[in-house]
Protein chains: 2
Amino acid sequence: MMEAQEQGYFTEANSAEVVISRNSAAKDERLKAVMAVIVRKLHEAVKEIEPTPDEWIKAIRFLTETGQMCNEWRQEFILLSDVTGVSMLVDAINNRKPSGASESTVLGPFHVANAPALPMGANICLDHKGEDMIIHGRILDTGGKPVAGALLDVWQANDEGFYDVQQKGIQPDFNLRGRFVTGEDGRYWFRAVKPKFYPIPDDGPVGRLLRALGRHPHRPAHLHFILSADGFETLTTHIFDPDDPYINSDAVFGVKESLLADFQSVDDAERAKELDFKSPFWEVDYDFVLARPRS
Amino acid sequence: MMEAQEQGYFTEANSAEVVISRNSAAKDERLKAVMAVIVRKLHEAVKEIEPTPDEWIKAIRFLTETGQMCNEWRQEFILLSDVTGVSMLVDAINNRKPSGASESTVLGPFHVANAPALPMGANICLDHKGEDMIIHGRILDTGGKPVAGALLDVWQANDEGFYDVQQKGIQPDFNLRGRFVTGEDGRYWFRAVKPKFYPIPDDGPVGRLLRALGRHPHRPAHLHFILSADGFETLTTHIFDPDDPYINSDAVFGVKESLLADFQSVDDAERAKELDFKSPFWEVDYDFVLARPRS
């Protein structure tokens with residue numbers, strides 16, 4: 001406790017230093033360093049905000065309710081991290097990419113392992129509801145060469161904004177999910193439906209916070225991808241519809257400029273027939289660029 | 001949403017600005033200002049810590065467990081606020097005193113309204129367990145004049161470190177609690193027992209954090225006071241035993257130098273007899289100075 005003695009007792013001026021020095025006996029050096037930053041920033045925030053006792057207890061209650069909203073299938077603290085931009089910042093820090101490589105975005109809660117392995121061109125929309133869409137492109141390395149044997153794992157919401165796992169018994173199992181493997185040309189293509197924007201769960205403390213902040217809970221329409229290949233970093237990302245009404249106000253800040261795809265409306269009866277689509281349909285062409293692991 | 005447009009999409013560099021500008025439609029100006037500080041400090045912390053995805057999810061789980069530990073009689077987020085020095089900092093900010101006035105410290109969870117109104121000299125220790133102690137002093141204004149009609153509300157743990165409300169059926173109701181009103185001389189005196197240090201509840205996430213940080217959960221021995229009088233600011237404070245083994249390492253940072261009282265051992269059979277004490281007993285002399293409300 002020598003450090004506490006040296007620092008003296010708690011005062012408004014030295015508050016963070018006293019607390020940090022008290023943590024100096026932590027055996028885990030990383031924990032000690034992390035807690036030092038947390039304590040310092042927390043005290044800076046309190047000194048800048050100067051909360052009243054009533055505001056402080058409101059914050060305590062908000063955090064308590066956020067914890068108590070969590071259960072097996074609802075993680076309200078992740079939602080809080082999402083709507084404050086923390087999840088995207090952690091993603092950005094852990095996925096800095098070399099120039100030219102595709103950017104990452106958040107995984108989200110709806111990925112399912114072991115989606116069906118499908119041949120190129122398969123239609124992942126099993127109930128044929130919504131506006132038909134074909135997506136194609138290439139998986140490349142940063143030198144522009146095709147990546148063969150790349151695994152593309154895709155999942156998306158339907159045209160009402162729901163994932164299959166949110167509508168069990170309404171949507172078929174594994175609806176709008178699939179895994180595809182590229183050949184020598186690095187090309188991929190599959191059929192789907194145009195996704196729709198959807199709200200994050202907003203019936204809890206985080207939803208109340210969003211409303212108080214004058215914010216809506218919506219995520220703009222997107223498709224999720226995890227792209228992996230031997231010798232490359234795995235890429236977890238989305239592509240977004242730039243014409244979505246919420247494209248500039250994603251509730252979780254997942255949109256990056258490079259992830260805006262071009263969703264073209266195609267009115268071509270012959271191509272539609274070949275694809276077993278109705279005309280007009282939607283077409284997206286988007287190339288992904290994978291990075292080599294940093295040495 | 002013009003601000004979001006102007007700020008552009010989320011990047012690691014502009015992360016906090018994008019989130020803050022998104023909150024610009026909040027109707028409550030105070031909430032908007034508070035959230036701006038929280039978001040800025042949170043993003044600064046994340047950028048300095050650079051948490052791995054695994055560390056981020058550990059933090060999410062810790063906060064979730066902290067919320068889920070709370071119930072009607074346990075507030076784990078207040079404990080977290082306490083052990084990080086936040087509670088004391090909020091107290092300090094809200095109770096800046098003019099020079100010469102007694103300092104405040106945290107209220108703690110064990111205050112009970114409507115403790116018995118007692119005459120000066122009463123013994124608040126109803127079960128006569130522990131080492132006898134007499135406490136006396138004056139309640140003064142900052143000019144050194146006695147404050148008449150001041151209400152002194154006192155409560156303390158027993159010689160085993162437990163409050164009555166923690167040992168219902170073991171300690172008598174209202175044991176070691178009382179309310180006294182000063183006369184013209186501003187003097188107070190009452191009899192009690194020497195309090196003992198005690199741990200904050202440490203069987204939850206906050207206790208685990210303290211252990212990981214190499215910290216004990218103890219609060220040094222103290223008596224709690226709320227002092228109120230017409231024309232003065234109400235003072236919530238403690239006095240501490242400077243010889244307590246944990247006096248330099250209070251788990252919740254409640255100790256201030258000015259709140260160290262002098263606990264004297266008195267070996268005087270005659271005075272002991274007058275007080276209905278055993279000799280030796282403890283004697284504390286401590287004056288409180290109340291501040292006028294700031295204009």
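Bear in mind these aren't lab numbers, they're just calculated from the coordinates by the rules spelled out. Quick caveat: nothing in here was measured; it's all calculated off a predicted structure. In this analysis, Cβ positions are derived from the backbone assuming ideal geometry, glycine residues included, and neighbour counts consider all displayed protein chains.
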Residue and distance (whole Å) for the chain A Cβ nearest the axis that superposes A on B: A:Gly67, 1
Directionally averaged shadow of region B:34-169, computed from the convex hull of its alpha-carbon atoms, nm²: 13.5 nm²
Would you order B:Cys70, A:Cys125 from fewest to most other beta-carbon atoms within 10 Å of each residue's own beta-carbon? B:Cys70, A:Cys125
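Just checking the output field for B:204-210: average partner chain Cβ neighbours within 10 Å of each residue's Cβ?
1
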Ascending list, in nanometres, of distances separating the B:Leu126 label from those of the other copies (7 Å, Cα toward Cβ): 6.8
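What is the projected area of the convex hull of the Cα atoms of region A:2-50, averaged over all directions, in nm²?
Values: hull surface 13.1 nm².
Mean orientational projected area (region A:2-50, Cα hull): 3.3 nm².
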Give the span of chain B's Cα atoms along each principal axis, as three whole-Å numbers ordered largest to smallest. 81, 45, 30
For region A:2-50, what's the relative contact order in percent, using C-alpha pairs closer than 8 Å and at least 6 residues apart? 33 percent
Shielding score for A:94-102, defined as the mean number of other chain Cβ atoms within 10 Å: 1
Would you mind pulling out the separation of the Cα centroids of region A:36-92 and region A:215-246, in Å? 26 Å
Inter-copy spacing of B:Ser265 label points, which lie 7 Å from Cα along Cα→Cβ, given in nm from shortest upward: 9.2
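Test of understanding: ordering A:Ile124, A:Ile226, B:Ile139 by Cβ neighbours within 10 Å, fewest first, what list do you get? Walk me through the numbers on the way to the answer.
On the way: A:Ile124 23, A:Ile226 17, B:Ile139 27.
Least to most surrounded, the residues fall as A:Ile226, A:Ile124, B:Ile139.
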Size of the dipole of the protein assembly as shown about the Cα centre, Lys and Arg at +1 and Asp and Glu at -1 on the beta carbon, nothing else charged, in debye to 20? 40 debye
For A:Glu131, enumerate residues with amide H under 5 Å from its amide H, sequence gap 5+ or separate chain, H modeled in the peptide plane. A:Lys194
Going through region B:21-80, which trypsin sites (Lys or Arg not before Pro) have at most 10 other Cβ atoms within 10 Å and a DSSP loop state? B:Lys27
Using θ = phi - 60° and Karplus 6.51 cos²θ - 1.76 cosθ + 1.60, couplings along region B:135-142 (whole Hz; Gly, Pro as x): 10, 8, x, 10, 10, 10, 8, 5
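Can you give the helix-only mean residue ellipticity at 222 nm for chain B, where every DSSP H stretch with n ≥ 4 adds -39500 (n - 2.57) and the sum goes over all residues, rounded to the nearest 500 deg cm²/dmol?
Details: 8 runs with 83 residues, N = 295.
So the helix-based figure for chain B works out to -8500 deg cm²/dmol.
Counting only other chains, and only Cβ atoms inside 10 Å, what mean value do you get across the residues of A:78-91?
Numbers: counts 4, 0, 2, 7, 0, 3, 11, 12, 11, 4, 6, 13, 10, 4.
Counting other chains' Cβ atoms within 10 Å and averaging over A:78-91 gives 6.
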Given A:Lys58/A:Lys196; B:Lys58/B:Lys196; A:Lys47/A:Lys97; A:Lys47/B:Lys97; B:Lys27/B:Lys97; A:Lys58/B:Lys58, which pairs have Cα atoms separated by over 28 Å? A:Lys58/A:Lys196; B:Lys58/B:Lys196; A:Lys47/A:Lys97; B:Lys27/B:Lys97
Report Rg/Rh for region B:80-152, rounded to two decimals, where Rg is the Cα radius of gyration and Rh the Kirkwood radius. 1.02
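With a Förster radius of 51 Å, plug the Cβ-Cβ distance of A:Val112 and B:Arg30 into 1/(1 + (r/R0)^6) and report the FRET value to the nearest 0.05. Show your work: numbers first, answer last.
Details: r = 43 Å, r/R0 = 0.83.
That gives a FRET efficiency of 0.75.
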Residue farthest toward the positive end of the dipole of chain B, with Cβ of Lys/Arg at +1 and Asp/Glu at -1: which of B:Pro220, B:Thr64, B:Ala13? B:Ala13
With a 10 Å Cβ neighbour count serving as the proxy for reagent exposure, in which order, fewest first, do B:Asp276, B:Asp202 appear? B:Asp276, B:Asp202
For region A:31-83, state which chymotrypsin sites (Phe, Trp or Tyr not before Pro) are in a DSSP loop and have at most 12 other beta carbons lying within 10 Å of their beta carbon. A:Trp73
Placing +1 on the Cβ of each Lys and Arg and -1 on the Cβ of each Asp and Glu in region B:92-164, which of B:Val147, B:Ala157, B:Thr105 has its Cα farthest towards the positive end of the resulting dipole? B:Val147
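R0 = 30 Å: FRET efficiency of B:His136 with B:Asp173, Cβ-based, nearest 0.05? All intermediate terms of the calculation are to be shown ahead of the outcome.
On the way: r = 26 Å, r/R0 = 0.85.
The value I calculate is 0.70.
Give, rounded to the nearest 20 debye, the magnitude of the charge dipole that region A:230-269 has about its Cα centre when Lys and Arg contribute +1 at Cβ and Asp and Glu contribute -1 at Cβ. It would help to have the intermediate numbers written out before the result.
Values: 1 positive and 10 negative charges, 45 e Å.
Computed about the Cα centre, the dipole is about 220 debye.
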Leading residue at positive end of dipole, region B:195-290 (Cβ point charges), from B:Leu235, B:Phe263, B:Tyr198: B:Tyr198
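State the three equivalent ellipsoid semi-axes of the protein assembly as shown, derived from the C-alpha gyration tensor as the square roots of 5 times its eigenvalues, in descending order and whole Å. All intermediate terms of the calculation are to be shown ahead of the outcome.
Working: eigenvalues 801, 96, 86 Å².
They are 63, 22, 21 Å, listed largest first.
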Compute the label-point distances linking B:Leu107 to its equivalents in the other copies; points lie 7 Å from Cα along Cα→Cβ; give nm, one decimal, shortest first. 4.2
Using alpha carbons only, how many angstrom separate the centre of region A:10-24 from the centre of region B:157-187? 31 Å
Express in whole angstrom the spacing between the alpha-carbon centres of region B:189-209 and region A:257-295. 65 Å
With only Lys, Arg, Asp and Glu charged, each at its Cβ (+1 for the first two, -1 for the last two), find how big the charge dipole of region B:197-254 is about the Cα centre; round to the nearest 20 debye. 380 debye
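How would you order B:244-253, B:106-115, A:168-177 from highest to lowest mean count of nearby Cβ atoms within 10 Å? Numbers along the way, then the final one.
Numbers: B:244-253: 21.2, B:106-115: 14.7, A:168-177: 16.2.
Highest-to-lowest ranking by the protection proxy: B:244-253, A:168-177, B:106-115.
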